[in-house]
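Data first, discussion second: the structure below is written as structure tokens.
The values are calculated or read from the model by the stated rules, or taken from the named source; none is laboratory data. Please read these numbers as outputs of a predicted model, since none were measured by experiment. Here Cβ is always computed from backbone atoms with ideal geometry, including for glycine, and neighbour counts include all displayed protein chains. Surface accessibility is based on the protein's heavy atoms, side chains included, excluding ligands, DNA and RNA. Shrake-Rupley method; radii C 1.70, N 1.55, O 1.52, S 1.80 Å.
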Amino acid sequence: QVQLVESGGGLVQPGGSLRLSCAASTSIFRIYTMGWYRQAPGKQRELVAYITSAGSTNYIDSAKGRFTISRDNAKNTVYLQMNSLKPEDTAVYYCNRYLPNENYWGQGTQVTVSS
């Protein structure tokens, strides 16, 4: 059973930066395309970015140029560097496979962008 643990969230002012981490409990993670998702209050969870096992990446339009997804397979970890944060980025952020496995959802990490 794969466990994913997200960390790195917090309260940040608009324009600030955060780096989220997602640590997987098993090295099988290395073959997965992994995604970062977020869920804002009252909204559905959405895919923000994903990265293939080979390192190719893709982003939703609102994240392009501001967010960078990366992975360190030696550490079984996926990262999301978020710069130029906006209040509309406020959400709980989760990681999971690109095609999510319902058993893999963790607790997420709260990101709040506010002055």
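Residues of the chain: accessible area per residue at 1.4 Å, in Å²?
Working: 6020 Å² over 115 residues.
With all protein chains present, the chain gives 52 Å² per residue.
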inquiry  = Is there a quick way to get the dipole size of the chain? I mean about its Cα centre, with the Cβ of Lys and Arg at +1 and of Asp and Glu at -1; what is the value in debye to the nearest 20?
reply    = 140
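What does the net charge come to around residue 83 if you take all other residues with beta carbon closer than 14 Å to its beta carbon, with K and R at +1 and D and E at -1? Working shown, then result.
Values: positive: 19, 64, 66, 86; negative: 89.
So the surrounding residues net to +3.
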ask   = How much of the accessible area of the chain, probe 1.4 Å, is carbon plus sulfur, in whole percent?
value = 45
query = Between residue 106 and residues 5 or more places away or on another chain, which pairs have amide H atoms under 5 Å apart, with H built 1.01 Å from N, and which residues are they?
reply = 95
³J(HN,Hα) computed for each position of the range 63-73 - Karplus, 6.51 cos²θ - 1.76 cosθ + 1.60, integer Hz, glycine/proline x = 9, 4, x, 10, 10, 9, 9, 8, 8, 10, 5
ask   = Cα centroid distance between the range 62-112 and the range 1-15, in Å?
value = 7
task = Amide H neighbours of residue 53 under 5 Å, at least 5 residues apart or on other chains, H built in the peptide plane: list them.
result = 33
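Just to check, using Stokes-Einstein with a Kirkwood Rh over alpha carbon pairs, what's the diffusion coefficient of the chain at 20 °C and 1.002 mPa s in µm²/s? List each step's numbers first, then the result.
Numbers: Rh = 13.9 Å.
In µm²/s, the coefficient is 154.
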request  = Quick one: which residues, 5 or more positions from residue 10 or on another chain, have an amide H under 5 Å from its amide H? H modelled 1.01 Å from N in the peptide plane, none for Pro or chain starts.
outcome  = 111, 112
inquiry  = To make sure I understand the rule: partners must be lysines, Cα under 29 Å from the Cα of residue 86, and not fewer than 8 residues away in the same chain. Which ones qualify?
reply    = 43, 64
